[in-house]
1. Taking the Cβ of each residue in 58, 74, 466 as the centre, tally the other Cβ atoms inside 10 Å and list the residues starting with the fewest.
2. With the Cα gyration tensor of the stretch 68-133 in hand, convert its eigenvalues to equivalent ellipsoid semi-axes via √(5λ) and list them largest first in whole Å.
3. Against the empirical 2.2 N^0.38 Å scaling, what ratio does the C-alpha Rg of the stretch 41-285 come to?
4. Kindly put 108, 198, 85 in sequence by how many other C-beta atoms sit within 10 Å of each C-beta, fewest to most.
5. How much FRET efficiency would the formula 1/(1 + (r/R0)^6) give for residue 166 and residue 221, where r is the Cβ-Cβ distance and R0 is 60 Å, rounded to 0.05?
6. Give the order of 172, 60 when sorted by the count of other beta carbons within 10 angstrom, beginning with the fewest.
7. Kirkwood hydrodynamic radius, computed over distinct alpha-carbon pairs, for the stretch 205-262: how many Å, to one decimal?
8. Please work out the FRET efficiency for the pair residue 134 and residue 114, using the Cβ-Cβ distance as r and a Förster radius of 22 Å; give the result to the nearest 0.05.
């Protein structure tokens, strides 16, 4: 039986604080300087292309999606070296459909372009894809896949490839109506639109390759997917991603602001479809992400957030009300507020008490209506997982008592006090990878309170990705 989850940002008496590829050779998937420091999304994005680059701007705007991709069950299992081999084989087997779609899209983009240099660059990229198609069978064989067996595209694969080919055919999402781009002048823009819909796939692989490389670098050659990671973290693959980004920058130089917005929408849509593809991979093993999957579907997941965002042991709203009452009375005495002058502090305090009681009663009724009566009170017979998110030293005890304590932000005082008592602060993503390694085949309940470990998150996007998924 799965446990209930009580995801609450406060506890009684404490208020809340304010890539597919071969094992031995480089595989050009959908196209063609590894940084040894932790590759945050922002750092990788900053080097995606040159200053003033449209491609760079679009990638920076996709930071949220890049985090979501890292936190997919597929990527976390792969990073941990625990991904089921059949799942991985299914993943790389889909390459043939992406390669064929890319080849066709490049061909259509070349026909639309009226710039000789751009045509040459597109043709070069297409030839690279065709070369990879020629060796595809031998590549999948190295991973234990029989190339003679029919490979059925999964729905997420079809969704992306159909989107790409529709874009290359002039049916632009977010732009003019489908099939409306027909004149020679309009068709010249289609090349830019098409390349804009292709880049996210390639740039995301380069980002994920570097991200994974950093987390597996201390395992030597023991990681089962190391050679796949090496392919997509390599300088040659980064050069490939930069090459197609430079092509987009060249194709978009003469476009209007409105047309650049269309490319941005296509770019964002392609990112969403890539994440859908990762999430569509059949995961047959217990996995630690997203956290909500640990929740029993027959019960409700309740998320509570204290409204006043303070860090006091007692409710601070009464104190704030008292300050407001006295301030209003002083304003009345000074003649700046005639309405307040007509009411004594005792009268206003009585009004506040009445409003407070009404609020408390209505709040309790609201909570009771959200939770079934048998779940409104936590049963001691069941194991309830709890998550606490805090950002300051006043949250330390709650963070430690929760099954999962997450620190948002960088409070030096919280770290200083915690470390004095032997508390470890672990970045969330590496912590999840380690947890995934600890998951047994029978159970995925690896979270325990009072472990002395707190997880640090750099953004709410990370927390969202961990708890709820993409």
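Readers should treat all values here as calculations from the given coordinates under stated rules, not as data from a laboratory. All of these numbers come straight from a predicted model, not from anything done at the bench. In this analysis, Cβ positions are derived from the backbone assuming ideal geometry, glycine residues included, and neighbour counts consider all displayed protein chains.
1. Lowest to highest Cβ neighbour count: 74, 466, 58.
2. Here the semi-axes work out to 34, 13, 9 Å.
3. Values: Rg = 17.8 Å, N = 245, 2.2 N^0.38 = 17.8 Å.
Output field value: 1.00.
4. So the residues, fewest neighbours to most, are 85, 108, 198.
5. That gives a FRET efficiency of 0.90.
6. 60, 172
7. Details: mean 1/r = 0.0751 Å⁻¹.
Evaluated over the stretch 205-262, this radius sits at 13.3 Å.
8. With R0 = 22 Å, the Cβ-Cβ based efficiency is 0.15.
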